[in-house]
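Before any comments, here is the structure.
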Amino acid sequence: MLKKVFASAVFGVEASTVIVEVNVDKGVGYHLVGLPDNAIKESNFRIAAALQNNGYRIPGKKIIINMSPADLRKEGSAYDLTLALGILASTDQIKAEDLDKYLIMGELSLDGSLQPIKGALPIAVKAREEGFKGFILPSQNAKEAAIVDNLEVYGVDNIEQVINYFDKGEPLEQTIIDTREEFEKNLDFPEFDFSDVKGQEGIKRCMEIAAAGGHNIILIGPPGAGKTMLAKRLPSILPPMTLHEALETTKIHSVVGRVKDTGLMAQRPFRSPHHTISNVALVGGGSYPQPGEISMSHNGVLFLDELPEFKREVLEVMRQPLEDREVTISRAKFTVTYPSSFMLVASMNPSPSGYFNDPDSPITSSPAEMQRYLSKVSGPLLDRIDIHIEVTPVPFEKLSDDRKGESSVEIRKRVTKARKIQTKRFEDSDKVHYNAQMNVKQIRKYCVLDEDSKQLLKTAMERLNLSARAYDRILKVSRTIADLEGVSDVNGSHISEAIQYRSLDREGWLG
């Protein structure tokens, strides 16, 4: 007898429906076709043990299972439950008239209990698009899938519950959540707060500007100056995520199985990979492509601590994602695209010793060592970083001061107000949402300078030996400073402040 059961395969952040056809006939053998990987080929052992431990069996007949479309690669152990139900239905061990109305997935343990799967959210989205009545999956993934409305989601703990539902009509408990309510409930404030930072008022101002305009930023300073501490607090002043951003972010984390029990991610991600990370781990890829750190940082912050310690080729592969805000990975038979719209926050020492230009330190680096150290960070990469700021150690008097600084809540209010101005400014654009994303045409339109401001910028570029690549960056940052003040025109004071944030363009750094 032939039976069809429905499952799904995830590619990138999208899912495709897989039809599992199970045919049982005279003879002996177990044949699984349709480009399954090793994890799926091994499923017959898990299925046999799970069925036997729950009073069922794989009959000694010829079983042919086709996973259609047959030219689409399937991977992972999430098809165990689908295959098991197909075998039981095709051998008349259970009645399953409504089997084709549901999309069913789950990994089986030998006792029949179910383990969580990856990609539950994109699979649920596809199930709704395809018109399935419901989605049956492990209970650990139920909240995640229930984010999708107009789809019945049933979380189960073991195969016996599913068998009894189809064979005996025993009801399953439907998982229902209010997506908007769940989103607002998870909007907790980040644990790190700018009120804990002693001194560093100029750096905090710089971080506020970066957050308001979505600008990439690099912090340069000696060890112990507070670069990492400041970077970890940046998410606390970024505008709260919208529901659309939360769904996008959850989808990516769902693909790699990193969605927590809350179901919906409402906090902006903060990723801080180690400097030994590989190209593939950073941008994504592999034989079966998975999102990398830059996609896991989508709608959040990617922090690269000690930037020159990263391999140069690893840093270079970030150039295209920083520009296009997405990563496309091509293989012989398919191409996947992952979104990667993130804020890059990098930190570095000013020299190998960490104490360049510090008169109080006896540790120095030779010019050759300096050049070798700084050359690890290429000009084209720095061209995509709008703000360069030097971080100096905090004096004892400020460290010992018991007074708290301005809180992240207050800073975030100003940042959110500036972002609303930008949202309105770019409401007719699909790709540009904040100042850092402006193209040349938009810069010329929204960053118009009077003659005094033009002269100021010209003088600064000549006297400070600023590079040509600094010009547009200064204008973008100036536009953000003006937005924070709530003024429509960029003026000389905005230009003057933005010029201060181009340290690495000056003579004596990277030439």
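What pairs come out if I take residues in region 403-428 that are more than 16 Å from His215 (Cβ to Cβ) and free of Cβ contacts under 8 Å to residues at least 60 places away in the same chain and pair them with residues that are assigned to a helix (DSSP H, G or I) and open to solvent by 100 Å² or more (accessible area, probe 1.4 Å) whose C-beta lies under 9 Å away, six or more apart or interchain?
none
How many residues does region 240-255 hold that are surrounded by fewer than 21 Cβ atoms within 10 Å (Cβ to Cβ) and either basic (Lys, Arg) or farther than 15 Å from Gly300 by Cβ (or both)?
Matching residues across region 240-255 total 1.
Return the residues of region 184-198 that are open to solvent by less than 10 Å² (accessible area, probe 1.4 Å) and not aliphatic (A, V, I, L, M); say none if nothing qualifies. Steps first, please.
Step one: filter region 184-198 for residues open to solvent by less than 10 Å² (accessible area, probe 1.4 Å), giving 194, 197.
The one that is open to solvent by less than 10 Å² (accessible area, probe 1.4 Å) and not aliphatic (A, V, I, L, M): Phe194.
Across region 204-227, which residue is surrounded by the most Cβ atoms within 10 Å (Cβ to Cβ) among those that are touching an Asp or Glu at 6+ places or on another chain (Cβ under 6 Å) and modelled with pLDDT of 90 or more?
Among residues in region 204-227 that are touching an Asp or Glu at 6+ places or on another chain (Cβ under 6 Å) and modelled with pLDDT of 90 or more, the one surrounded by the most Cβ atoms within 10 Å (Cβ to Cβ) is His215.
Taking the condition assigned to a loop (DSSP other than H, G, I, E, B) and either out of contact with any Asp or Glu (no Cβ under 7 Å at 6 or more places or on another chain) or open to solvent by 10 Å² or more (accessible area, probe 1.4 Å) (or both), does Pro235 pass? Before the answer, list the steps.
Values: assigned to a loop (DSSP other than H, G, I, E, B): no; either out of contact with any Asp or Glu (no Cβ under 7 Å at 6 or more places or on another chain) or open to solvent by 10 Å² or more (accessible area, probe 1.4 Å) (or both): yes.
Answer is no for this residue.
Going residue by residue through region 458-472, is there one that turns out to be assigned to a helix (DSSP H, G or I), open to solvent by 30 Å² or more (accessible area, probe 1.4 Å) and aliphatic (A, V, I, L, M)? Walk me through it before giving the result.
Filtering region 458-472 down to residues assigned to a helix (DSSP H, G or I) leaves 458-463, 470-472.
Now drop any that are not open to solvent by 30 Å² or more (accessible area, probe 1.4 Å), which leaves 458-459, 461-463, 471-472.
Then keep just the ones that are aliphatic (A, V, I, L, M); that gives 461.
Yes, some residue in region 458-472 is assigned to a helix (DSSP H, G or I), open to solvent by 30 Å² or more (accessible area, probe 1.4 Å) and aliphatic (A, V, I, L, M).
State all residues of region 57-91 that are of a type in the set (A, V, I, L, M), open to solvent by 10 Å² or more (accessible area, probe 1.4 Å), within 25 Å of Lys333 (Cβ to Cβ) and not in a strand (DSSP E or B); if no residue qualifies, say none. I'd like the intermediate steps shown before the answer.
Residues of region 57-91 of a type in the set (A, V, I, L, M): 58, 63-65, 67, 70, 72, 78, 81, 83-85, 87-89.
Those left that are additionally open to solvent by 10 Å² or more (accessible area, probe 1.4 Å): 58, 64, 70, 72, 78.
Those still in the list that are within 25 Å of Lys333 (Cβ to Cβ) too: 64, 70, 72, 78.
Of everything in region 57-91, those that are of a type in the set (A, V, I, L, M), open to solvent by 10 Å² or more (accessible area, probe 1.4 Å), within 25 Å of Lys333 (Cβ to Cβ) and not in a strand (DSSP E or B) turn out to be Ala70, Leu72, Ala78.
If a residue has to be surrounded by fewer than 18 Cβ atoms within 10 Å (Cβ to Cβ) and free of Cβ contacts under 8 Å to residues at least 60 places away in the same chain to count, how many in region 328-345 make the cut?
The total comes to 5.
Specify the residue that is surrounded by the most Cβ atoms within 10 Å (Cβ to Cβ); the eligible residues are those in region 12-32 that are part of a loop (DSSP other than H, G, I, E, B) and among the aliphatic types (A, V, I, L, M).
Kept after step one, since they are part of a loop (DSSP other than H, G, I, E, B), are these residues of region 12-32: 12-13, 26-28.
Still in the list and also among the aliphatic types (A, V, I, L, M): 13, 28.
On the way: Val13: 22, Val28: 9.
That would be Val13.
Looking only at region 259-286, which residues are touching a residue at least 24 places away in the same chain (Cβ under 8 Å) and under 21 Å from Phe334 (Cβ atoms)? Break it down stepwise before answering.
The first filter runs over region 259-286 and keeps only residues touching a residue at least 24 places away in the same chain (Cβ under 8 Å), leaving 259, 261-273, 275, 277-279, 282-285.
Residues satisfying the conditions are Asn279, Val283, Gly284, Gly285.
Considering only region 138-160, state which residues are surrounded by fewer than 20 Cβ atoms within 10 Å (Cβ to Cβ) and either assigned to a helix (DSSP H, G or I) or among the hydroxyl-bearing types (Ser, Thr, Tyr) (or both).
Ser139, Gln140, Glu160
Looking only at region 404-444, filter to residues that are closer than 14 Å to Ser478 by Cβ and over 26 Å from the mean Cα position of the chain (by Cα); which one of those is most open to solvent (accessible area, probe 1.4 Å)?
Restricting to residues being closer than 14 Å to Ser478 by Cβ and over 26 Å from the mean Cα position of the chain (by Cα), the top hit is Arg444.
Counting only residues that are surrounded by fewer than 23 Cβ atoms within 10 Å (Cβ to Cβ) and part of a helix (DSSP H, G or I), which one in region 262-282 is nearest to the chain's Cα centre (by Cα)?
Applying the filter and picking the extreme gives Ala281.
Being part of a loop (DSSP other than H, G, I, E, B) and touching a residue at least 24 places away in the same chain (Cβ under 8 Å) narrows it down to one of Lys126, Lys118, so name that one. Quick ask: steps written out before the conclusion?
On the way: Lys126 fails: part of a loop (DSSP other than H, G, I, E, B).
Unique residue meeting the criteria: Lys118.
Taking the condition touching a residue at least 40 places away in the same chain (Cβ under 8 Å), of a type in the set (Asp, Glu) and open to solvent by 30 Å² or more (accessible area, probe 1.4 Å), does Asp450 pass? Lay out the reasoning, then the answer.
Values: touching a residue at least 40 places away in the same chain (Cβ under 8 Å): yes; of a type in the set (Asp, Glu): yes; open to solvent by 30 Å² or more (accessible area, probe 1.4 Å): yes.
Yes: the conditions hold for Asp450.
The values are calculated or read from the model by the stated rules, or taken from the named source; none is laboratory data. All figures in this text were calculated on a predicted structure; none of them were measured in a lab. For neighbour counting, all protein chains shown are included, and Cβ atoms are generated from backbone atoms with ideal geometry for every residue, glycine included. Protein only, heavy atoms only, side chains kept; ligands, DNA and RNA dropped before computing areas. Shrake-Rupley method; radii C 1.70, N 1.55, O 1.52, S 1.80 Å.
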